[in-house]
1. Provide the three semi-axes, in whole Å and in decreasing order, of the ellipsoid equivalent to the range 81-191 as defined by the square roots of 5 times the Cα gyration tensor eigenvalues.
2. Determine ³J(HN,Hα), in whole Hz, for all residues of the range 95-100 in sequence, where each value follows from phi through the Karplus function 6.51 cos²θ - 1.76 cosθ + 1.60 and θ = phi - 60°; x replaces Gly and Pro.
3. Would you kindly state how much longer the chain becomes between D156 and R121 on full extension, computed as 0.36 nm times their sequence separation minus their alpha carbon distance, in nm to one decimal?
4. Along the range 155-172, what does the Karplus equation 6.51 cos²θ - 1.76 cosθ + 1.60 (θ = phi - 60°) give for ³J(HN,Hα), rounded to whole Hz, x for Gly and Pro?
5. Give a residue-ordered list of calculated ³J(HN,Hα) values for the range 145-152 (Karplus: 6.51 cos²θ - 1.76 cosθ + 1.60, θ = phi - 60°; whole Hz; x for Gly, Pro).
6. Run the simple label-point estimate for Q95 and D135 please: 7 Å along Cα→C-beta, distance reported in nm.
7. On full extension of the chain, what length is gained from E111 through V180, given 0.36 nm per residue of separation minus the C-alpha to C-alpha distance?
8. Among the trypsin sites (Lys or Arg not before Pro) within the range 93-202, which fall in a DSSP loop and have no more than 16 other Cβ atoms within 10 Å of their own Cβ?
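Values in this text are rule-based calculations from the coordinates and carry no lab data. From a predicted model like this one, the values you see are computed outputs, not experimental measurements. Ideal geometry is used to build each Cβ from the backbone, glycine not excepted, and the neighbour counts take in all protein chains shown.
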Amino acid sequence: MRHHARLATAATLLFALAGCSSSGTEGPAENPAERPAESPAGGTAGSLEDDTAQDQGTGQAGTGQAGTGQGGTGQAGTGLATATTSLGEVIVDAQGMTVYTFASDEPGSGESACTDECAARWPAVHADSAAPTADGVTGELGTITGTDGELQVTIDGRPLYTFADDKAPGDATGQGVKGVWWAVAPDGTDVTGAPMSPSTGS
């Protein structure tokens, strides 16, 4: 009887040990430190960092394309060119109107002597750059601040003007007015001759 009792006790212990073993196989406890941190919006920190990096890359690309103006700058011109008129080859403005110098202007003075009513009849030739250029013009171009407060083109230090009574490209009705207004050759010298007659060419 004692032998049977020992066997029964041993069997009970084995069953108890088997139960403990099966309940302990649930796996290791999760370490909270290894769990991905959640962002306030509900995503993980890793995905938030990825999204932020993508946003920054997009912003940088946009800044690069925003245009610094380098591709479209270049040295600004004056609209001046040369044309063959009844006076020969002279400098004209962007509309093809003859430009003139005023003998009362002192070359290199940085000022225009044409003011008030004079400025109304002889409008200044304006510049869109302090260092203007013009195709075909070999005289030295520059600028001053004109009497209207805007940049006025100069050639060899002399301000340039158009004439209000010239109505069409090639007109030169301002030539020789009062003996002080002269059209300008491409090299910057005054054209002092009279307009050629269309019928005689002289």
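1. Rounded to whole Å, the semi-axes are 18, 16, 13.
2. 8, x, 7, 4, 9, 9
3. Net length gain for the segment: 10.3 nm.
4. Residue by residue, the range 155-172 yields 10, 6, x, 10, x, 10, 9, 10, 10, 4, 7, 6, 9, 9, x, x, 4, 9 Hz.
5. Coupling constants for the range 145-152: 8, x, 5, 8, x, 9, 5, 10 Hz.
6. Reported label-point gap for Q95 and D135 is 2.1 nm.
7. 23.2 nm
8. Those that pass, being in a loop and sparsely packed, are K167.
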